[in-house]
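A.B. asks: This is the structure I have questions about; it appears just below.
The values are calculated or read from the model by the stated rules, or taken from the named source; none is laboratory data. What you see is a predicted model; the values in this text were computed from it and never measured. Heads up, the Cβs are rebuilt from the backbone with ideal geometry, glycines too, and the neighbour counts pull from every protein chain shown.
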Amino acid sequence: MKGDFRVCPACGTRNKPKWDFCARCGESLQGVPLGEVAPAEAARRARQEFGAICLVKEECREVKGIPMFDEFVRNVSFAFRQLRRSPGFGATVVVTLGLCIGANTAVFSVVDALVLRPLPYRDSGRLVMVWDQLIKLNLDQFPPPFANY
């Protein structure tokens, strides 16, 4: 039976081996092997047999579990094994991380106290800045000297 037909890649119709074009849709049969299924037809048959692609993907993901979490656990366990193999490097990593986290916390505390939080005064939005003018030096906004007050 093999070699007795050519399957059209467009519509899946079986055609005689000597025909160069599909009898149903007119698609060229050049390069389609005898008795074998064209790739498009194979994909169509697979979709019919297995169902919707999305459902198959969901079933595979359910069986596999949560791949990101599994990979994270494997990476963390590998990291701990490597740190146990070389305790000096592990201690250096822990000290460096501690210093960096401490410095980051200190900088954020300063920025939070000075920039992010409102001033600790009542009606802090009504605070003003006093400027002085030095007309001879052509300066409009000059902080006044403390001796003037």
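A.B. asks: Might you let me know whether the range 111-130 holds any residue that is over 30 Å from Ser77 (Cα atoms), of a type in the set (S, T, N, Q) and surrounded by 10 or more Cβ atoms within 10 Å (Cβ to Cβ)?
C.D. replies: First, the residues of the range 111-130 that are over 30 Å from Ser77 (Cα atoms): 111-130.
Pick out the ones that are also of a type in the set (S, T, N, Q) and you get 124.
From what's left, surrounded by 10 or more Cβ atoms within 10 Å (Cβ to Cβ): none.
No, because not a single residue in the range 111-130 is over 30 Å from Ser77 (Cα atoms), of a type in the set (S, T, N, Q) and surrounded by 10 or more Cβ atoms within 10 Å (Cβ to Cβ).
A.B. asks: Within the range 101-115, is even one residue part of a loop (DSSP other than H, G, I, E, B) and over 30 Å from Ala43 (Cα atoms)?
C.D. replies: Of the range 101-115, the ones part of a loop (DSSP other than H, G, I, E, B) are none.
No: the range 101-115 contains no residue that is part of a loop (DSSP other than H, G, I, E, B) and over 30 Å from Ala43 (Cα atoms).
A.B. asks: Let me ask you something else. Out of all the residues in the range 116-126, which are modelled with pLDDT of 80 or more and either hydrophobic (A, V, I, L, M, F, W, C) or at negative phi (or both)?
C.D. replies: The first filter runs over the range 116-126 and keeps only residues modelled with pLDDT of 80 or more, leaving 116-117, 122-123, 126.
Correct list: Leu116, Arg117, Arg122, Arg126.
Okay, residues lined up against (1) of a type in the set (A, V, I, L, M, F, W, C); (2) modelled with pLDDT under 75; (3) in a strand (DSSP E or B); (4) in contact with a Ser or Thr (Cβ under 7 Å, 6 or more places away or on another chain):
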residue	(1), (2), (3), (4)
Met1	yes, yes, no, no
Lys18	no, yes, no, no
Gly31	no, yes, no, no
Val37	yes, yes, no, no
Ala42	yes, yes, no, no
Arg47	no, no, no, no
Cys54	yes, no, no, no
Glu58	no, no, no, no
Val63	yes, yes, no, no
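A.B. asks: Something else: Looking at the structure I just gave you, is Arg81 farther than 30 Å from Phe50 by Cα, of a type in the set (D, E, K, R) and either touching a Cys at 6+ places or on another chain (Cβ under 8 Å) or outside any helix (DSSP H, G or I) (or both)? Please lay out each step first, then the result.
C.D. replies: Values: farther than 30 Å from Phe50 by Cα: yes; of a type in the set (D, E, K, R): yes; either touching a Cys at 6+ places or on another chain (Cβ under 8 Å) or outside any helix (DSSP H, G or I) (or both): no.
No, not satisfied.
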